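Student: Take this structure, written in structure tokens, and hold onto it; I'll ask about it next.
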Protein chains: 2
Amino acid sequence: MSVTIYDIAREANVGIGTVSRVLNNSANVTTETRERVITVARKLNYQPHAFAQALARKRSNTLSAIIPFFTNYFFIEVLQGVQETLSSLGYDLIIHGANNQQQVAEYLQRSMRKGRVDGTLLFSLELPENFVEEFRQQKVPLVLVDTFHPAFDSIRVDNAGGATIATEHLISLGHRNIGMINANLQSAPARERLASFRQTLQQAGIQIPDGNIVNSAEEKNDGFSRESGFRGMMEFLGRGLPLPTAFFVSSDIQAIGVLAALRERNIRVPEDVAIVSFDDVELAKNFDLTTMRQPMFKMGELAVKKMIERIEHPEAPVSSVSFKPGLVIRASCGANKQYVFHEQ
Amino acid sequence: MSVTIYDIAREANVGIGTVSRVLNNSANVTTETRERVITVARKLNYQPHAFAQALARKRSNTLSAIIPFFTNYFFIEVLQGVQETLSSLGYDLIIHGANNQQQVAEYLQRSMRKGRVDGTLLFSLELPENFVEEFRQQKVPLVLVDTFHPAFDSIRVDNAGGATIATEHLISLGHRNIGMINANLQSAPARERLASFRQTLQQAGIQIPDGNIVNSAEEKNDGFSRESGFRGMMEFLGRGLPLPTAFFVSSDIQAIGVLAALRERNIRVPEDVAIVSFDDVELAKNFDLTTMRQPMFKMGELAVKKMIERIEHPEAPVSSVSFKPGLVIRASCGANKQYVFHEQ
DNA sequence: GAGTTCTATGGAAGGGCTTTCAAAAGTAGG
DNA sequence: CCTACTTTTGAAAGCCCTTCCATAGAACTC
């Protein structure tokens with residue numbers, strides 16, 4: 001059937017051990033033997049059997065990523081970094097899109113199947129407590145991206161810092177009546193961004209009515225969606241409060257909804273209302289959004305590096321890195337266009 | 001170390017064969033034995049070793065997808081269909097993003113590594129001729145999505161039909177001077193869409209100047225990008241021809257660029273110029289684009305089904321399915337909003 | 001109750017690789 | 001030329017499963 005090392009061994013007049021050693025570039029093989037084996041292998045168009053290797057090596061060179069599937073451009077962009085880095089290291093990436101908590105559990109379970117993957121990346125999803133112990137027991141490395149648990153490595157975004165910069169930017173442009181269209185508070189980023197928004201205003205001595213803040217009640221995607229942004233702004237407009245001169249919106253995708261709502265009411269951006277949002281997904285530039293940039297590609301890259309380190313040093317202390325978002329100024333805030341990117 | 005069927009066999013006082021039979025729900029095991037084994041397996045928290053299974057079964061339950069990575073929302077949406085379908089069948093999906101022809105080759109090569117995957121889905125990329133023979137020899141199933149080769153199964157989009165409908169729609173709205181902003185002609189869809197556009201106009205007895213058609217020269221993504229659309233429209237405007245009252249644009253993402261270019265020149269859509277594009281990616285509705293909808297999720301789903309069939313019947317005749325896009329009317333063409341979706 | 005057919009079961013073989021171990025071959029030193 | 005190492009090599013063991021084969025026992029048949 002297909003060519004195995006036995007075929008090569010026979011043809012090259014050596015033992016299978018030698019073939020394996022040649023193929024793996026192990027030491028202690030004469031150049032002469034090595035070349036003979038390589039020639040035969042090439043001639044027979046030999047392809048190593050991945051699973052047999054994985055079984056023998058106890059290592060699969062495959063990682064899995066569990067993400068809230070494709071509902072959010074943010075993940076896709078991080079994933080891009082993950083995939084490219086992985087690929088250059090000869091690893092494969094299995095993608096699991098989880099649409100609900102039950103699927104998350106199912107995929108986590110699957111990831112723990114001994115030997116299937118060398119590690120799992122969990123994106124933006126809270127790790128169910130009952131898995132914490134399981135993962136530690138099974139010794140399957142887990143790296144959290146955009147989410148947190150003290151027992152595992154994680155890559156995070158400094159939401160508080162980002163929200164502070166965004167808010168300060170609006171203040172520096174002279175805005176004193178500012179609103180916020182937020183996602184669902186059940187998500188940690190939404191909570192963190194709101195808290196910093198409030199705190200920054202307070203420190204600047206600015207008072208705003210409670211009604212200026214709209215938190216989404218939507219379940220889907222924790223309110224990080226276009227619809228949520230649209231409805232959030234509509235809800236605000238329905239409250240009859242004086243229109244703030246600026247809004248901080250908790251994500252680009254929501255901001256797109258906000259923009260649509262404002263257009264519908266003939267409110268101009270940035271002339272009547274300035275907008276600053278969060279993420280800087282690729283889309284943001286199409287809408288000329290001023291936003292807090294997260295280095296998504298980099299985050300993906302780093303996540304992989306962490307994972308590899310963890311695989312190689314299972315007992316190393318847990319580490320958590322947090323990226324600081326940088327302000328990207330475009331048209332929606334009314335300031336000049338210019339690019340200010342702080343990277344940690 | 002980790003729990004194997006041997007541990008279960010010992011504990012349950014049966015042979016490993018019996019354990020395997022129970023775990024695989026094979027026939028000929030007494031209920032009593034079956035229950036005893038299951039109890040023990042559960043107690044020991046047994047997880048089958050995926051690679052050992054794959055090796056023994058000669059089947060990995062894993063597919064790979066090679067896509068022009070994440071540069072295009074179209075793929076992501078198809079991928080969503082692929083992933084969900086696959087997941088429900090207990091398959092895993094490995095994703096390979098290829099940024100150039102060389103990477104495509106590398107990934108194809110990797111896919112052929114015996115046993116690694118049960119099959120490969122190739123998206124929108126031309127299959128290099130030298131792989132044709134290799135794939136047939138190695139007997140690794142290959143399904144083409146949005147691309148074509150007579151030797152393999154494929155899922156396609158009826159680009160010609162779609163372009164015809166789009167063009168007819170513009171004609172039916174009264175437009176007589178129509179332009180087209182196209183992608184790079186080195187891509188088959190771009191060629192097909194252009195050909196039908198021309199033919200439809202001709203059949204309607206409408207003559208347009210050659211200068212009304214702009215083909216992208218961009219390499220990146222074959223010109224299916226926002227930048228390409230922006231530049232395409234700018235190039236047209238620089239030609240000094242009378243402004244057509246309508247444009248057919250070869251993809252939504254380009255249309256977004258076109259919109260930006262028109263806005264920059266203060267040309268209103270749809271009042272001054274009507275736009276119809278192609279794809280109906282999720283984004284399209286945010287821009288209120290009238291566009292030709294491709295059932296991307298469905299395409300993904302079908303691709304998987306074909307693949308499974310191919311795996312089960314390697315010798316079945318090659319088949320090719322083509323989806324007919326449906327017109328989705330939004331604001332950009334100036335007609336009333338209404339949803340007209342033809343599905344094949 | 002002897003002979004026959006089925007069903008349930010244990011365990012070896014096999015899948016293709018890596019790695020360990022022991023033997024063979026080579027090198028150096030005296 | 002013999003001894004003491006070192007390097008190279010072949011082959012067995014092991015990774016964990018599925019599957020096949022042979023056997024033991026149960027269930028039937030007449």
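The values are calculated or read from the model by the stated rules, or taken from the named source; none is laboratory data. Note that the structure is a prediction, hence the values are computed from the model and not measured. Positions of Cβ are backbone-derived with ideal geometry, glycine not excepted, and every protein chain shown enters the neighbour counts. Ligands, DNA and RNA are excluded from the accessible area calculation, which covers all protein heavy atoms including side chains. Shrake-Rupley method; radii C 1.70, N 1.55, O 1.52, S 1.80 Å.
Student: Could you work out [θ]222 nm for chain B from helices alone, using -39500 (n - 2.57) per DSSP H run of at least four and dividing by all its residues? Round to the nearest 500 deg cm²/dmol.
Tutor: Values: 13 runs with 153 residues, N = 344.
After summing the helix terms and dividing by the residues of chain B, the value is -13500 deg cm²/dmol.
Student: Which loop GluC sites (Glu not before Pro) in the stretch B:171-277, with loop taken from DSSP, have no more than 12 other Cβ atoms within 10 angstrom of their Cβ?
Tutor: Values: sites: B:GLU192, B:GLU218, B:GLU219, B:GLU227, B:GLU235, B:GLU264, B:GLU271; in loops: B:GLU218, B:GLU219, B:GLU271.
When the GluC sites (Glu not before Pro) of the stretch B:171-277 are filtered for loop state and at most 12 Cβ neighbours within 10 Å, B:GLU219, B:GLU271 remain.
Student: Give me the dipole magnitude in Debye, nearest 20, for the protein assembly as shown about the Cα centre, with unit charges on the beta carbon: positive for Lys and Arg, negative for Asp and Glu.
Tutor: Working: 72 positive and 74 negative charges, 228 e Å.
Roughly 1100 debye for the protein assembly as shown.
Student: OK, next. Nearest-5 percent of antiparallel DSSP beta bridges in chain A?
Tutor: 10
Student: Shortest first and in nm with one decimal, please list how far the A:GLU227 label point sits from its counterparts in the other copies (point 7 Å along Cα→Cβ).
Tutor: Nearest to farthest, the other copies are at 3.5 nm.
Student: Count, for each residue of A:90-97, the Cβ atoms from other chains sitting within 10 Å of its Cβ, then give me the mean as a whole number.
Tutor: 5
Student: Between the stretch A:308-327 and the stretch B:19-33, what's the alpha-carbon centroid distance in Å?
Tutor: 45
Student: Another one. As an exercise, use a Förster radius of 41 Å and the Cβ-Cβ distance of A:LEU89 and B:ALA204 to find the FRET efficiency, rounded to the nearest 0.05.
Tutor: So the FRET efficiency works out to roughly 0.15.
Student: Loop-only trypsin sites (Lys or Arg not before Pro) in the stretch B:183-289, please: DSSP not H, G, I, E or B, and at most 14 other Cβ atoms within 10 Å.
Tutor: Listed in order of number, the matching sites are B:ARG239, B:ARG265, B:ARG268.
Student: What are the nm distances, shortest first, from A:GLN207 to its equivalents in the other copies, labels at 7 Å along Cα→Cβ?
Tutor: 7.5
Student: Of the candidates B:VAL40, B:VAL140, B:VAL318, which one comes out as most mobile in a Gaussian network treatment of chain B with C-alpha springs shorter than 10 Å?
Tutor: B:VAL40
Student: Also, quick follow-up: Angle, helix A:226-238 long axis vs. longest principal axis of chain A, Cα atoms, 0 to 90°, nearest 10?
Tutor: 10
Student: A follow-up question, please. Enter the accessible area per residue of the stretch B:5-48 (Å², integer; probe 1.4 Å; all protein chains in place).
Tutor: That works out to 64 Å² for each residue.
Student: Considering protein heavy atoms only and a 1.4 Å probe radius, which residues within the stretch A:50-86 exhibit an accessible-area decrease of no less than 30 Å² in the full assembly relative to the chain by itself?
Tutor: Buried by 30 Å² or more upon assembly, which counts only protein chains, are A:ALA50, A:PHE51, A:LEU55, A:PHE69, A:PHE70, A:TYR73, A:ILE76, A:GLN80, A:GLN83, A:GLU84.
Student: Around A:ARG156, with a cut-off of 11 angstrom between Cβ atoms, what is the net charge of the other residues, counting Lys and Arg +1 and Asp and Glu -1?
Tutor: -3
Student: Against the longest principal axis of chain B, how steep is helix B:31-43, in degrees 0 to 90 to the nearest 10, with axes from Cα atoms?
Tutor: 70
Student: Using a label point 7 Å beyond Cα on the Cα-Cβ vector, give me the inter-copy distances for A:GLU168 in nanometres, one decimal, shortest first.
Tutor: For A:GLU168, the other copies' label points sit at 6.0 nm, shortest first.
Student: Using only protein heavy atoms and a 1.4 angstrom probe, determine the accessible area buried between A and B, summed over both sides, in Å² to the nearest 100.
Tutor: Between A and B, the summed buried area is about 4700 Å².
Student: Which listed residue (B:SER154, B:PHE230, B:LEU283) has the Cα farthest towards the positive end of the charge dipole for the stretch B:141-293, taking +1 on Lys and Arg C-beta and -1 on Asp and Glu C-beta about the Cα centre?
Tutor: The Cα lying farthest towards the positive end belongs to B:PHE230.
Student: Please report the net charge: other residues with Cβ closer than 14 Å to the Cβ of A:THR85, K and R +1, D and E -1.
Tutor: Taking every other residue near A:THR85 into account, the sum is -2.
Student: Then there's this: B:ASP280: net charge of surrounding residues, Cβ under 11 Å, Lys/Arg +1, Asp/Glu -1, itself excluded?
Tutor: Net charge around B:ASP280: -1.
Student: Between A:ALA331 and B:GLN186, what FRET efficiency comes out of the Förster formula 1/(1 + (r/R0)^6) with R0 = 45 Å and r the beta carbon distance, rounded to 0.05?
Tutor: After rounding to 0.05, the efficiency reads 0.85.
Student: Hey, if we sort B:ASP280, B:ASP272 by accessible area with the 1.4 Å probe, largest down, what's the order?
Tutor: B:ASP272, B:ASP280
Student: Pairs B:LYS285/B:LYS305; A:LYS114/B:LYS43; B:LYS298/B:LYS324: which exceed 19 Å Cα-Cα?
Tutor: B:LYS285/B:LYS305
Student: Measure off, as a whole percent, the carbon and sulfur share of the 1.4 Å-probe accessible area of chain A, all protein chains present.
Tutor: 49
Student: Further, regarding this structure: Going toward the positive end of the dipole of chain B, with +1 on Lys and Arg Cβ and -1 on Asp and Glu Cβ, which of B:ASN99, B:GLY211, B:ASN28 do you reach last?
Tutor: B:ASN28
Student: In square angstrom, what is the accessible area per residue of the stretch A:106-243 with a 1.4 angstrom probe?
Tutor: Result: 41 Å² of accessible area for each residue.
Student: If R0 is 30 Å, what FRET efficiency do you get for B:ALA195 and B:GLU264 from their C-beta distance, rounded to 0.05?
Tutor: Here the calculated transfer efficiency is 0.45.
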